[in-house]
Amino acid sequence: MTETHRPIGLAVLGLGNVGSEVVRIIEASATDLAARVGAPLVLRGIGVRRVADDRGVPIDLLTDDVQALVERDDVDIVIELMGPVEPARKAILSALEHGKSVVTANKALMAQSTGELAQAAEHARVDLYFEAAVAGAIPVIRPLTQSLAGDTVLRVAGIVNGTTNYILSAMNDTGADYADALADAGALGYAEADPTADVEGYDAAAKAAILASIAFHTRVTADDVYREGITKVTAEDIASAKALGCNIKLLAICERLTNDEGQQRVSARVYPALVPLSHPLATVNGAFNAVVVEAEAAGRLMFYGQGAGGAPTASAVMGDLVMAARNRVQGGLGPRESKYAQLPIAPIGFIPTRYYVSMNVADRPGVLSAVAAEFGKREVSIAEVRQEGMVDEGGQPCGARIVVVTHRATDAALSETVDALADLDVVQEINSVLRLEGTSE
Ligand code: NAP
C-alpha cells in the first residue's frame, strides 16, 4: 500500500517486560508496520516512573507525566502497559475522552472497569483493544469477537495462568508438594515475589470475566467469577489424580447454561480440577496456556501457546496496534462492546460437576457404607471409590484414605454431603474436595 496518510502518533505507557518489547518492535519493524497500516507509526513518548538515560531509549522520549502524554495533540493511539488498575484506568479514560484509541494488556482493569471504558470509547468513537489481556500471545479475544460473531458460544474453558500451570506441572512431574514447587517457580522467575494474584486464582478470574463477557454478550466482572486457587492442592491429590488417569489443572470455565424452561444463565468460575488425560487441556504443561472454545456450529476449537512473557504479550499488543492504526487510516472502528444478552450469572451452588473427595477414615468394618450413605441421602451418585491403608510414622496402621469420585451433582448437594461426612465419627479428616472436569458423564 502506498503511504499517503499522515503519521500515526503513539504513546506507550510503561517500559517494563511488555512495554520495552513493544517499543523495540515499533522501532525494528517500522518499515513493515508502515506498509501494513498505510502510514508511519511514530513514537511520541513513553510514560514511566523513572526517567533516566540508562533505559535503552532516547531520554527525550521518556516522561513521568502520563496525563500530559496521553492528552498530546500529536498522539492518536495510547498503548497502556503499566498495570495495575490505577493509574492505568485514569490514563485510559483520559486518553479515550481526548479522542485517542487505546490498546491495553491490563486484565485486572478490563475485568473490573470494562463497562466504563467501553462506554467512554463508544462515546468518543474510538477503539479500545485488549487482546493481550487474556493468554498473552494466544489470539482468543479476536476469534471470539469476530470469527465466532455469527455462532453461539456454549463454553470457554482454559488454562490461562502460566504460573499456576508451571507449579501444578512441577508437582505432577516430581511429586513435590505445593510449597516446594512454588519456591522453585519463584527461583526460576515463573512466580512473582508476591504470588497471591496467581496462586489464589485472581488473575485467572479476571481473564474468565473478560472471556465470559465476550463469549456470552453479557457484562461479567471479576466479582461475578467463583474463585478457588491452588494453594490447597496436595502431593497426595496429584498422586490420586494420576491413579485415576487425570492431571490437576487450574481451569477458568465460562459456560452458557440452559434450564428445562429454556432460560439461559452464565457461569464463570476458576478452580483446580482433575482433567482426564484424554482431554486436550490435561497435557498443556509448564508455563503454557490453552483455551478450548465450544460453539454450536463450529464445534470444539483449541488455542494454545505462550500465555505471558514480554515478547509473546507484545505480539498480541502489536496486533491490536495495527488494527487501531488501520482504522485511523482507513476510517471505521473495531467491534464495540456487545452486551445485549445481559444473561444472569448462575451462583456456584447451581453448577453441576463431578467431584473428587479425599478423606481419612477409621479402618473398621462399616465405614465405607456409612460414607456411601451420606452421598446417597443427597442423591450424589458415586462413580468410583478407592481405599488404601495408612501407616503412622512408626509403621503402625492408622486408618485408611478413601477417595470418592462422583457422577454429576450440584455444588450445593456436594457441599451438604461434605459437611455431613465431616460430622461422621468414622471420618477423621476431609483432605480435599476437587472437581472433575472434561468428561461427558
Ligand atoms: P512491568 O515490567 O512491571 O512494567 C511496568 C511499567 O510501567 C514500568 O516501566 C513502570 O515504570 C511503568 N509504570 C508503573 N506505574 C507507573 C506510573 N504510575 N506512572 C508511569 N509509569 C508507570 O509490567 P509488565 O510485566 O510489562 O506488565 C505490563 C502490563 O501488561 C500489566 O497490566 C500486566 O498485567 C500486563 N501483562 C503482562 C504480561 C507479562 O507477561 N508480563 C502478560 C499479559 C499482560 P518504571 O520502569 O519507571 O518503574
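The values are calculated or read from the model by the stated rules, or taken from the named source; none is laboratory data. What you are looking at is a predicted structure, and each value in this text was computed from that prediction instead of being measured. So basically every Cβ, Gly included, is an ideal-geometry build from the backbone, and we count neighbours across all protein chains shown. Just the protein is used for accessible areas: all its heavy atoms, side chains included, with ligands, DNA and RNA removed. Shrake-Rupley method; radii C 1.70, N 1.55, O 1.52, S 1.80 Å.
Miscellaneous remarks
- In the stretch 118-148, the residue that is surrounded by the most Cβ atoms within 10 Å (Cβ to Cβ) out of those that are hydrophobic (A, V, I, L, M, F, W, C) and assigned to a loop (DSSP other than H, G, I, E, B) is 135.
- Qualifying residue in the stretch 300-318 (condition: modelled with pLDDT of 95 or more, more than 22 Å from the chain's Cα centre (by Cα) and either over 17 Å from residue 78 (Cβ atoms) or away from the ligand (no atom under 16 Å from the Cβ) (or both)): no
- Residue match in the stretch 379-399 (condition: among the hydrophobic types (A, V, I, L, M, F, W, C), under 25 Å from residue 259 (Cβ atoms) and part of a strand (DSSP E or B)): yes
- Taking the criterion of being away from the ligand (no atom under 16 Å from the Cβ) and of a type in the set (Val, Ile, Thr), the residues of the stretch 274-299 that qualify are 275, 283, 284, 292, 293.
- Filtered residues of the stretch 328-364 (kept if over 30 Å from residue 423 (Cα atoms), open to solvent by less than 40 Å² (accessible area, probe 1.4 Å) and either assigned to a loop (DSSP other than H, G, I, E, B) or free of Cβ contacts under 8 Å to residues at least 60 places away in the same chain (or both)): 334, 341, 343
- Answer residue from the stretch 154-169, given it is open to solvent by 10 Å² or more (accessible area, probe 1.4 Å) and assigned to a helix (DSSP H, G or I) and is farthest from the ligand (Cβ to nearest atom) among those: 166
- Only residues that are surrounded by fewer than 21 Cβ atoms within 10 Å (Cβ to Cβ) and not in a helix (DSSP H, G or I) were counted across the stretch 296-320, and they come to 12.
- Lone unmet requirement of (1) within 23 Å of residue 244 (Cα to Cα); (2) assigned to a helix (DSSP H, G or I); (3) open to solvent by 20 Å² or more (accessible area, probe 1.4 Å) for residue 431: (2)
- Options 173, 198, 184, 151: the member that is crowded, with 24+ Cβ neighbours inside 10 Å and either part of a helix (DSSP H, G or I) or modelled with pLDDT of 95 or more (or both): 198
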